[in-house]
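Data first, discussion second: the structure below is written as structure tokens.
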């Protein structure tokens, strides 16, 4: 099973709004603040770059404004083409003018997250990580002070998105396990939700100042970049 991923920058987003679906233009018009407008557009543009790649073989003469991304009541994104719900999985993230999106043409549990590497206080680490994870962070931080807390937090965020709960549950009940050391490629880890008794397979990578994570409930997947 293939999971496609794409990243884009705010500078990539077109100045005009021709690529937005009419319903998306209505949503955009409700935002008052420039940062919210910019972040929202970046997320939609990144998602449509991924979706257009996924849908092109099935839809002739596809225009980006034929695609729309909305949010369910729990905040999870869902995608439509020509106003019909697509039987796919999608997850979005953005941070510091970077957008990140993953899509799969099967309805699986899927989540992604993008985080800027930064220092995390002891209070933050004690509040959001369980004892096993805190030990991983302490060990890794000796060599990479900002990486491990950021990585484990991002892995939790991706898992919560796959569960479609967001931060409604105690993050210490999301257990990040078997985290492989980093290299230039995607590195595996596992996640387990104690509350839902659900296991997930994850991947992470570091790219300059950022950490990217992807999780799904499917073990045998291939990650494919969309350029």
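The values are calculated or read from the model by the stated rules, or taken from the named source; none is laboratory data. These numbers were taken from a predicted model, which means no experiment stands behind them. Glycine gets a Cβ as well: all are built from the backbone with ideal geometry, and neighbour counts include every protein chain shown.
Counting only residues that are crowded, with 16+ Cβ neighbours inside 10 Å, in a loop (DSSP other than H, G, I, E, B), without any contact (Cβ under 8 Å) to a residue 60 or more places away in the chain and assigned by TED's automatic domain parsing to the domain that holds residue 9, the stretch 80-125 holds 2 of them. Residues that are touching a helix residue (DSSP H, G or I) at 6+ places or on another chain (Cβ under 6 Å), in contact (Cβ under 8 Å) with a residue 24 or more places away in the chain and closer than 22 Å to residue 187 by Cα within the stretch 131-170 comprise 133, 149, 152, 156, 160, listed in sequence order.
Somewhere in the stretch 9-32, is a residue under 18 Å from the mean Cα position of the chain (by Cα) and closer than 18 Å to residue 226 by Cα? Checking the stretch 9-32: at least one residue is under 18 Å from the mean Cα position of the chain (by Cα) and closer than 18 Å to residue 226 by Cα.
Only a single item in (1) crowded, with 19+ Cβ neighbours inside 10 Å; (2) more than 21 Å from the chain's Cα centre (by Cα) is not met by residue 58, and it is number (1).
Just one residue in the set 10, 30, 72, 46 is in contact (Cβ under 8 Å) with a residue 12 or more places away in the chain, outside the structural domain of residue 199 (by TED's automatic domain parsing) and surrounded by fewer than 13 Cβ atoms within 10 Å (Cβ to Cβ); that residue is 72.
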